[in-house]
Amino acid sequence: MIQLYHPLSASATPSLLTVRAVSCPPMSVARRILLRASRSAWLARQLRDRAFFRRAVRRFMPGEALSAALEAAADLAAQGIGSVLTQLGEQVATRGEAARVRDHYLDVLAQVRERRLPSELSVKLTHLGLDVDRAACRADLEALAQGAADAESFLWIDMEESRYVDATLEMFRSVRAAYSRVGVCLQAYLRRTPADLDALLALAPAIRLVKGAYNEPAALAYTVKRDVDSAYLTLAERLLDRAARAQARPVFGTHDMRLAQQIRERATALHVAPGSYEVHMLYGIRASDQRALAREGVRVRVLISYGTHWFPWYMRRLAERPANVWFVVRNLI
Ligand SMILES: Cc1cc2nc3c(=O)[nH]c(=O)nc-3n(C[C@H](O)[C@H](O)[C@H](O)COP(=O)(O)OP(=O)(O)OC[C@H]3O[C@@H](n4cnc5c(N)ncnc54)[C@H](O)[C@@H]3O)c2cc1C
């Protein structure tokens with residue numbers, strides 16, 4: 001067991017971080033530290049305004065302003081690549097903040113419509129005040145679903161930590177009952193996800209399948225990459241099988257090119273029509289693969305994040321690939 005004195009708690013004062021290194025390979029230790037760091041208000045305050053840190057963040061976002069995200073979406077559209085826009089932020093503490101997020105997204109949809117961009121939206125329910133007032137959050141989500149329908153766009157619901165899964169799926173079901181242009185993210189690392197997917201399939205749902213980006217206990221989630229990858233492929237096959245019968249819109253949110261290739265081969269074997277599934281990646285990650293896939297006829301979208309509340313999100317990007325920490329270090333020099 002390693003004990004590190006490090007300011008990783010969400011509280012204002014540094015706390016003791018205990019990492020059970022005995023049971024984790026070294027990469028897992030780095031990942032766990034970065035994911036705990038993502039929830040540290042203290043660390044966020046220390047790093048957010050440092051120039052070297054802000055420079056490193058730019059690798060994953062075209063800018064903090066919506067205008068930068070819309071420009072990036074237009075550039076991608078010119079290359080035959082769609083986009084998904086998301087304003088960074090989560091776990092707001094007041095209804096006022098949540099209402100501002102809703103109004104911001106309604107404005108984004110209006111701009112997408114006006115500029116005729118092939119852009120969709122992705123929102124976090126805790127950014128829309130899930131923790132504050134569930135009924136108001138549902139009403140805001142419905143307003144966004146209506147806005148997405150009016151703009152002929154699409155509304156994705158992100159999946160956050162495991163404690164939000166039930167509420168997120170319940171909210172998705174209720175909004176999906178009235179609006180068809182709504183989809184939800186499922187995380188392959190969660191042991192419950194096969195059952196969740198089965199329960200959703202009757203809705204002919206739009207599902208964005210991802211591996212999962214949070215720090216979850218082994219009782220709830222696979223912690224070994226090989227197990228997560230295998231769970232992902234099994235779920236992907238189930239979705240493709242439905243897509244072959246036009247009973248699902250599967251989106252594979254991954255940069256894992258080996259997995260993407262396996263999914264494509266499976267899609268061909270199942271006679272899934274081209275365009276009946278999509279691959280979504282994050283802005284700034286594997287950009288050349290994004291373009292290559294699009295050239296080869298795969299439907300590709302890039303999720304573009306923008307906004308000022310990037311600290312927890314950026315730390316999750318570092319945790320996905322701890323080698324990314326060297327980008328931060330390089331920006332120091
Ligand atoms: C469109 C989209 C939406 C997402 N939405 C959610 C969500 O709602 N909820 C959620 O929990 N998670 C979400 N994620 C994150 C996801 O859960 C994974 O954490 C993330 O995609 C990394 O997993 P991977 O599938 O790319 O595979 P990995 O096995 O982690 O990575 C495969 C390869 O991709 C490259 N790569 C991956 N991540 C990075 C990175 N950060 N920097 C540089 N290279 C990288 C590396 O070359 C790596 O070897 C989303 C991801 C995408 C692409």
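Side notes on the structure shown:
- Leading residue at positive end of dipole, the chain (Cβ point charges), from 243, 42, 84: 42
- Per residue value of the accessible surface for the chain (all protein chains in place, 1.4 Å probe), Å²: 46
- Using only side-chain charges placed at the Cβ, +1 for Lys and Arg and -1 for Asp and Glu, the dipole size of the range 82-122 relative to its Cα centre rounds to 120 debye.
- Ordering of 63-72, 239-248, 309-318 by burial proxy (mean other Cβ atoms within 10 Å per residue, highest first): 309-318, 239-248, 63-72
- Listed values for the range 304-310 are Karplus-derived 3J(HN,Hα) couplings in whole Hz (6.51 cos²θ - 1.76 cosθ + 1.60, θ = phi - 60°), namely 9, 9, 8, x, 9, 8, 9, and x replaces Gly and Pro.
- Cβ-defined net charge surrounding residue 88, 10 Å radius [Lys, Arg +1; Asp, Glu -1]: -1
- Taken about its Cα centre, the range 175-281 carries a charge dipole of roughly 160 debye when the Cβ of each Lys and Arg holds +1 and the Cβ of each Asp and Glu holds -1.
- To put it simply, the accessible area of the chain at a 1.4 Å probe is 52 percent carbon and sulfur.
- By DSSP, the beta bridges lying fully in the chain are antiparallel in about 15 percent of cases.
- Alpha-carbon centroids, the range 162-181 and the range 191-245: separation in whole Å: 16
- Modelled spin labels at residue 55 and residue 257, positioned 7 Å past Cα toward Cβ, are 2.8 nm from each other.
- Computed 3J(HN,Hα) for the range 256-273, one whole-Hz value per residue from the Karplus formula 6.51 cos²θ - 1.76 cosθ + 1.60 where θ = phi - 60°, is 7, 5, 5, 5, 4, 5, 4, 5, 5, 5, 5, 4, 5, 4, 8, 6, 6, 4, glycine and proline marked x.
- GluC sites (Glu not before Pro) restricted to the range 231-333 and DSSP loop, no more than 16 other C-beta within 10 Å: 296
- Qualifying trypsin sites (Lys or Arg not before Pro) in the range 113-177, where qualification requires a DSSP coil assignment and no more than 13 other C-beta atoms within 10 Å, comprise 116.
- Gap separating the Cα centres of the range 101-136 and the range 268-333, nearest whole Å: 21
- The chain, Rg to Rh (Cα coordinates; Rh as Kirkwood inverse mean 1/r): 0.94
- Among 270, 224, 162 - extreme Cα towards positive end, dipole of the chain, charges at beta-carbon: 224
- Set of the range 185-212 residues, backbone N closer than 13 Å to the point 7 Å along the Cα-Cβ line of residue 245: 201-205
- Here the relative contact order of the range 17-147, from alpha carbon pairs under 8 Å that lie six or more residues apart, stands at 22 percent.
The values are calculated or read from the model by the stated rules, or taken from the named source; none is laboratory data. Since we're looking at a predicted model, the values are computed, not measured. When we count neighbours, we look across all protein chains shown, and the Cβ atoms used for this are built from the backbone with ideal geometry, even at glycine. Surface areas here come from the heavy atoms of the whole protein model, side chains and all, with no ligands, DNA or RNA. Shrake-Rupley method; radii C 1.70, N 1.55, O 1.52, S 1.80 Å.
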